Amino acid sequence: MFTGIVEDLGEVEAVEHLGDFARIHVRSTVVTEDAHVGDSICVNGVCLTVTGLITASPAPTGTPPEAQARTPQGFTADVMGETLRHSSLKSVAPGTKVNLERSVRLADRLGGHLVQGHTDGAGTIISRDPQENWEVVRISLPASLARYVVYKGSITVDGISLTVSAIAADWFEVSLIPETLKRTTLGTKQPGAEVNLEVDVVAKYIEKLVGAPGDR
């Protein structure tokens, strides 16, 4: 479980295509400072399991222990075919920036909203409208997800917990503050770019309980 508060803007260093899945290598010293193999890290809104830690090159002979890097420089994660088909991770390549968040601890503050890291679909950035102190980004909304998205409600875009500031039948808008623009991929993604979407899980549970259309 995550909160949609991005901790670090990491970078994909390599992608291994291994048959029906891919292994991505991501550089970040923030989310790996206490990471272990088996931990969950949200990558652009997709919950992935750490399969390995990338350590720094060995320090030169004679380097004092206190000067040697103790924090892994990154991690590897396996992305299954199902995830590749239904998320933008299928198009990442060396140099791609990605939003990163470690799983939430029970004692942590819930700064965003409850995020599972289970992508519900993908949208496309339609437009960007810079304002004096923020920027309005319009994103396409798949018909299958529209019933779960409401004005002033929460939605996760590439792993970022955001508030819907405007909505229509096939699009929604979010208003991004300078901090979000600086610290996440939404600061640079341009119209036409694909983004991962996760709707508020509470809406899906309510739909299931009341027997609304879309039951499974």
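The values are calculated or read from the model by the stated rules, or taken from the named source; none is laboratory data. What you are looking at is a predicted structure, and each value in this text was computed from that prediction instead of being measured. Note: ideal-geometry Cβ built from the backbone for every residue, glycine included; neighbour counts use all protein chains shown.
For this structure, a couple of remarks:
- Residue within segment 130-137 that is surrounded by fewer than 16 Cβ atoms within 10 Å (Cβ to Cβ), at pLDDT 95 or above and in contact with a strand residue (DSSP E or B) (Cβ under 6 Å, 6 or more places away or on another chain) present: yes
- GLU101 free of Cβ contacts under 8 Å to residues at least 24 places away in the same chain, out of contact with any helix residue (DSSP H, G or I) (no Cβ under 9 Å at 6 or more places or on another chain) and under 19 Å from ASN44 (Cβ atoms): no
- Residues of segment 158-172 classified as surrounded by fewer than 18 Cβ atoms within 10 Å (Cβ to Cβ) and of a type in the set (D, E, K, R), total: 1
- Any hit, segment 191-200, residues being over 21 Å from SER127 (Cα atoms) and assigned by TED's automatic domain parsing to the domain that holds VAL137: yes
- Test for VAL37: is it assigned to a loop (DSSP other than H, G, I, E, B), at pLDDT 95 or above and of a type in the set (A, V, I, L, M, F, W, C): yes
- Those residues of segment 147-157 which are small (Gly, Ala, Ser) and crowded, with 19+ Cβ neighbours inside 10 Å, in sequence order: SER154
- Residue match in segment 208-215 (condition: on the phi < 0 side of the Ramachandran plot, surrounded by 11 or more Cβ atoms within 10 Å (Cβ to Cβ), under 18 Å from the mean Cα position of the chain (by Cα) and not in a loop (DSSP other than H, G, I, E, B)): no
- When segment 83-132 is filtered for residues that are assigned to a strand (DSSP E or B) and of a type outside the set (A, V, I, L, M), the ones remaining, listed by number, are LYS97, ASN99, GLU101, ARG102, GLY121, GLY123, THR124, SER127, ARG128, ASP129, PRO130.
- Filter result for the condition that a residue is crowded, with 17+ Cβ neighbours inside 10 Å and outside any loop (DSSP other than H, G, I, E, B), over LEU9, LEU53: LEU9
- Among the residues of segment 158-176, those that are in a loop (DSSP other than H, G, I, E, B) and either at pLDDT below 95 or touching a helix residue (DSSP H, G or I) at 6+ places or on another chain (Cβ under 8 Å) (or both) comprise ASP158, ALA169, ASP170.
- Among the residues of segment 133-157, the one identified as of a type outside the set (Val, Ile, Thr), in a strand (DSSP E or B) and closer than 23 Å to LEU84 by Cβ is SER140.
- Residues in segment 87-129 that are modelled with pLDDT of 95 or more, loosely packed, with under 13 Cβ neighbours inside 10 Å and of a type in the set (A, V, I, L, M, F, W, C): ALA93 alone.
- All positions within segment 181-210 that are in contact (Cβ under 8 Å) with a residue 60 or more places away in the chain and over 28 Å from GLU82 (Cα atoms): ARG183
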